[in-house]
Amino acid sequence: MSISQKFKRAATWGVFIGAWAGAVVQAAEFPDKQVTIVVPYAAGGFTDQVARAIAPVLAEKWGKPVVIDNRPGGGTTIGTALVARAPADGHTLLLSSLGYLTNPLMMPRLPYDPQDLKPLMMVSESPSVLYVGKQVPANNLAEFASYMRANDGKVAFASSGVGSSPHICAEMLASAVGAHIIHAPYRGNAPALNALMAGEVAALLDAPSSVSYVQAGRMKVLGVASDKPVRSALPLTPFSQSSAPELKPYSCSSFFGFFMPAKVPAALQQRIYRDLRAVVEVPTVAEGVTRPGGELHLLGPEDFTAYLDAQRPRWAAVIREKHITQE
C-alpha cells in the first residue's frame, strides 16, 4: 500500500470515528432544549390522551419541557409532515396511530416522504369493540351478522373519518359477514359516538373505554375483535368465540406509537427509545396510557418496524378492495 493510500484510509477512518463520536456526545447531551411531541389529532382524543400521560414524566426525567403540539387535519398528514421535515436532533417526535400506516396506501400524493420518518417505539394497541344502537334487533355477534345480511347495503356504521380505524375495521367486518354497509364519517370520535347513541347510525367499532356508555344504557356492546383478554368494565365476548363461523377469524385493532425524523443519529435514537420505555413502564404512566382503551404493547425500533411491515398488507388489501381513498 502506498503512502497516499494509507493517508486516504486514515482520513476515512478519521471521518467515521469523528461522526460516531459526535453522535455519542449528542446522545449524552440530549435534550438541550424543549422537546415537542406532535400529535396529528385534535386535543382530547385517544392519541392526545396517551401523549399527555407520558409528557410530564418524560419532562421530569429529561429536566426540559416536553410539550404537546396538536396538529389535526389532512388525515394526520399535517402533523406527520411537520415531523418529517423537522431537524434530525431528536427534539421533535411524532405520536401517531393507524394513519401513519394507511395514508401512504390511500393518498397517491403525500405532503411528505414516508422514508423521512422512522418508527421509534410502539406504546399500545387498542382492539376494536363492536357497539350497536339500542334500536338494533341484535344482542350477540351472530344475530348482528344475520341482521347485516338481511339488510345488505342499509346498515350504517359511524366512523371518525374516511380511512380511520373505525371505517376500515367496519369494511373488514362487512367483508367477513358477506354484506355491504353504509359508511357515515363524522369529524372525530365523539360525534360518531353521539350519532350512535342518538340512533342516527346502527353501529360503531370503537375502543373498549366506550363501554361506559353501555353501562349508562345508551347503547349495546356485542363483542371485541381480539382473541386476547381485554381490560374492560364489562365482559366483552371475543369474536373468536362467536357462534357465527365467519366471524371467528375477524380481528381489528389500531396502535399508538412514536416516530422521529429518520436521520436522527442511531445512538440518539436508542437513547430516546430507552428513556421513553422507562417512562411508559412507570405504573402511573402505564395506567394513563391504557386508560383511553389500549393495551400496553411496548416494541423497540426494529420490532415496531417489523410489526408495521406485517400489518401493512392486511390494511392494503381492504383499502384496495373497498376503494378507500383520501383524495
Some residue of segment 101-109 being closer than 30 Å to S243 by Cα, open to solvent by less than 20 Å² (accessible area, probe 1.4 Å) and in contact with a Pro (Cβ under 9 Å, 6 or more places away or on another chain):
no
Under 20 Å from the mean Cα position of the chain (by Cα), at pLDDT 95 or above, assigned to a helix (DSSP H, G or I) and surrounded by fewer than 22 Cβ atoms within 10 Å (Cβ to Cβ), is that true of A267?
no
Could you run through segment 47-60 and say how many residues are in contact with a strand residue (DSSP E or B) (Cβ under 7 Å, 6 or more places away or on another chain) and not acidic (D, E)?
7
I'm trying to understand the selection: among the residues of segment 305-327, which are in a helix (DSSP H, G or I) and open to solvent by less than 60 Å² (accessible area, probe 1.4 Å)?
T305, A306, Y307, L308, Q311, W315, A316, A317, V318, I319
Take the residues in segment 272-290 that are touching a strand residue (DSSP E or B) at 6+ places or on another chain (Cβ under 8 Å) and either assigned to a helix (DSSP H, G or I) or of a type in the set (S, T, Y) (or both), then tell me which one is most open to solvent (accessible area, probe 1.4 Å).
R277
Restricting segment 55-91 to residues that are in a helix (DSSP H, G or I) and more than 18 Å from the chain's Cα centre (by Cα), the one surrounded by the fewest Cβ atoms within 10 Å (Cβ to Cβ) turns out to be E60
Tell me which residues, restricted to segment 291-304, are closer than 22 Å to F259 by Cβ and either open to solvent by 50 Å² or more (accessible area, probe 1.4 Å) or of a type outside the set (A, V, I, L, M, F, W, C) (or both).
P292, G293, G294, E295, L296, H297, G300, P301, E302, D303
Mind checking which residues of segment 116-153 are open to solvent by less than 10 Å² (accessible area, probe 1.4 Å), in a loop (DSSP other than H, G, I, E, B) and farther than 30 Å from L308 by Cβ?
G133, V136, A138
Can you say whether L94 is touching an Asp or Glu at 6+ places or on another chain (Cβ under 9 Å) and either under 30 Å from V211 (Cα atoms) or modelled with pLDDT of 95 or more (or both), as far as the supplied structure shows?
no
Can you name the residue in segment 115-128 that is modelled with pLDDT under 95 and out of contact with any Gly (no Cβ under 7 Å at 6 or more places or on another chain) and is also nearest to M172 (Cα to Cα) among such residues?
S128
Just to be sure I understand, how many residues within segment 229-253 are β-branched (V, I, T) and either assigned to a helix (DSSP H, G or I) or free of Cβ contacts under 8 Å to residues at least 40 places away in the same chain (or both)?
0
Do you know which of the residues in segment 229-252 that are surrounded by fewer than 22 Cβ atoms within 10 Å (Cβ to Cβ) and within 19 Å of the chain's Cα centre (by Cα) is farthest from D48 (Cα to Cα)?
S251
Condition broken by G293, with the remaining ones in (1) within 21 Å of the chain's Cα centre (by Cα); (2) at pLDDT 95 or above; (3) not in a helix (DSSP H, G or I) satisfied
(2)
Options S164, S209; residue that is modelled with pLDDT under 95 and out of contact with any strand residue (DSSP E or B) (no Cβ under 8 Å at 6 or more places or on another chain)
S209
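The values are calculated or read from the model by the stated rules, or taken from the named source; none is laboratory data. Just so we're clear, the structure is a prediction, and the values are computed from it rather than from any experiment. Note that we place each Cβ from the backbone using ideal geometry, even for glycine, and neighbour counts take in every protein chain shown. In case anyone asks, the SASA skips ligands and DNA or RNA and just uses the protein heavy atoms, side chains included. Shrake-Rupley method; radii C 1.70, N 1.55, O 1.52, S 1.80 Å.
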